[in-house]
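Chemist: So that we are looking at the same thing, I have put the structure below in structure tokens.
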Amino acid sequence: MPQTPAADKPRVLLSHEMLMPLQPLLESAYEVHRLWDYPDPMTFLEGPGRRVRAIVHAGEMTLSRDMLSEMPQLGLIACVSVGYDGVDVPWCKAHGIAVTHSTGLNASDVADHAVGLVLSAWRGIVEGDHRLRSGHWTHAERMAPRHGLRGRKAGIVGLGYIGEAVATRLQAFEMKVAWWGPRPKESDYPRADSLMALARDSDVLVVCARPDAANRRMIDKAVIEAVGPQGLIVNVARGSLIDEDALIEALKAGTLGMAALDVYEHEPTSPARWVGVPHTVLTPHTAGATLDSIPAMVSLTLENLRRYFHGEPLASPVAA
């Protein structure tokens, strides 16, 4: 692809260091700026920020309205991620800024990871590995077996692309699947009357909902305790959906049996926060990051940029 002269290249901003691998893919067509190169945001906003026309963004990271309002040429925020909870979409729409995301592209991978977390926690796979490696394998272990998954009840919070994929996989383990979300939809699975009803009736509660301002900490102390001392909560959505302090307190008190998390209230989460918290399986927000999904998400982001700068309809706009 021929290089565009630098003076003619549209200016694009990479919003977070994790997006650095995209820079070489962008530089043939765009003049790329990196937000982390400007410790003082005002330096950026008073300089190249006023001429940036698109932001390539990791959707879970917050983009402040104060910053966006100082970027007069900005017309697109292209989220490489599926999620876009760090972007105020209604505000952007009101100010003529389009938002795109990688809708549904990593649902299968996230669902695979969710099932891995279910198995690891429910069957004590990670705990067993630790006991064996630390020399604590005794014959008594086999005299304290755990329940299998067949016939157990799985509750899915949020039946979107990921929730559907998780439900399909858990059915293969002969689990009884139900779900809850704030809006009814056609489904092969029964919808619970409320989140609390789903929690009370679930052995395993898998959180797959899209986060927004209305559902912050929806998995609160009452919901956590409704899952109960034999139950498991899995979160592959966003850390903001769970009251993490209440979750940790319940695990330590034994009012919740197990938790398996890929996302946290603050990321990276502090290792010290989880010291002494029993019956947990923790992974570092990697559920959707595979060698299969990431190239597809990057490709869609590049296509949204191309369409925007050519005045064509966007491939995957967020509906405000």
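The values are calculated or read from the model by the stated rules, or taken from the named source; none is laboratory data. Note that the structure is a prediction, hence the values are computed from the model and not measured. In this analysis, Cβ positions are derived from the backbone assuming ideal geometry, glycine residues included, and neighbour counts consider all displayed protein chains. The area values use the complete protein model at the heavy-atom level, side chains included, leaving out ligands, DNA and RNA. Shrake-Rupley method; radii C 1.70, N 1.55, O 1.52, S 1.80 Å.
Chemist: Hey, with R₀ at 51 Å, roughly what FRET efficiency would GLN23 and MET143 work out to, going by the Cβ-Cβ distance, to 0.05?
Modeler: That pair, GLN23 with MET143, gives E of 0.35.
Chemist: So, in Å, what gap is there between the alpha-carbon centers of segment 267-320 and segment 207-244?
Modeler: First find each Cα centre; the distance between them is then 20 Å.
Chemist: Report the accessible area of VAL223, computed with a 1.4 Å probe over the heavy atoms of all protein chains in place, in Å² rounded to the nearest 10.
Modeler: Its accessible surface works out to 10 Å², give or take rounding.
Chemist: Right, next: Using protein chains only and a probe of 1.4 angstrom, how many square angstrom of PHE173 are accessible, to the nearest 10?
Modeler: Spelled out: PHE173, probe radius 1.4 Å, area about 80 Å².
Chemist: Further question: Which lysines have a Cα lying under 19 Å from the Cα of LYS252, excluding residues fewer than 8 positions away in the same chain?
Modeler: Within reach: LYS221.
Chemist: Here's another thing I want to ask about it. So for the chain: antiparallel DSSP bridges make up what percent, rounded to the nearest 5?
Modeler: Expressed as a percentage, antiparallel bridges in the chain total about 5.
Chemist: For the chain, what is the charge dipole size about the Cα centre, in debye to the nearest 20, if Lys and Arg each add +1 at the Cβ and Asp and Glu each add -1 at the Cβ? Don't skip to the end; give the middle numbers.
Modeler: Numbers: 31 positive and 37 negative charges, 118 e Å.
I would put it at about 560 debye.
Chemist: Still on this model: For segment 199-252, restrict the atom set to alpha-carbon positions and state the Rg and Dmax in Å.
Modeler: Values for segment 199-252 (Cα only, Rg and Dmax): 10.4, 30 Å.
Chemist: Net charge within 12 Å of TRP137 by Cβ-Cβ distance, Lys/Arg positive one each and Asp/Glu negative one each, not counting TRP137 itself?
Modeler: Working: positive: ARG131, ARG133, ARG142; negative: GLU127, ASP129, GLU141.
Net charge in that neighbourhood comes out at 0.
Chemist: What is the Cα centroid distance between segment 29-51 and segment 76-112, reported in whole angstrom?
Modeler: If we compute the Cα centre of each part, the gap is 22 Å.
Chemist: Can I ask one more? Between LEU149, LEU205, LEU132, where does the largest GNM mean-square fluctuation fall for the chain, given springs only between Cα atoms within less than 10 Å?
Modeler: Of LEU149, LEU205, LEU132, the most mobile in the Gaussian network model is LEU132.
Chemist: Moving on to the next point. Of GLY49, GLY135, GLY160, which has the largest mean-square fluctuation in a 10 Å C-alpha GNM of the chain?
Modeler: GLY135
Chemist: Rounding to the nearest 10 and keeping the result within 0 to 90°, find how far the Cα-based axis of helix 293-309 lies from the longest principal axis of the chain.
Modeler: So the helix axis and the longest Cα principal axis differ by about 30 degrees.
Chemist: Going 7 Å from the Cα of ALA197 along its beta-carbon direction, which residues of segment 163-182 have the amide nitrogen within less than 12 Å of the resulting point?
Modeler: Residues 179-181 fall inside that zone.
Chemist: Mind giving me the FRET efficiency for ASP37 and ARG123? R0 is 45 Å, r the Cβ-Cβ distance, nearest 0.05 is fine.
Modeler: 0.45
Chemist: Say each of GLU303 and ASP8 gets a label point 7 Å from the Cα, pointing the same way as Cα to Cβ; how far apart are those two points in nm?
Modeler: It is 2.6 nm.
Chemist: Moving on. Show me the trypsin sites (Lys or Arg not before Pro) within segment 159-204 that DSSP assigns to loop and that have at most 14 other Cβ atoms within 10 Å of their Cβ. All intermediate terms of the calculation are to be shown ahead of the outcome.
Modeler: Values: sites: ARG169, LYS176, LYS185, ARG191, ARG200; in loops: LYS185.
Passing both the DSSP loop test and the Cβ count: LYS185.
Chemist: Could you pull the Rg and Dmax for the chain, using just the Cα atoms, both in Å?
Modeler: 22.0, 73
Chemist: Relative contact order for segment 145-282 using alpha-carbon pairs under 8 Å, separation at least 6, rounded to a whole percent?
Modeler: That works out to 19 percent.
Chemist: Right, here's the next one. Hey, how much of the P(r) for segment 185-276 falls beyond 24 Å, as a percent of Cα pairs?
Modeler: 17 percent
Chemist: Going out from 0 in 5 Å bins, what whole percent of all Cα-Cα distances in segment 20-160 drops into each bin?
Modeler: 2, 7, 12, 14, 13, 9, 7, 8, 8, 7, 6, 4, 2, 0
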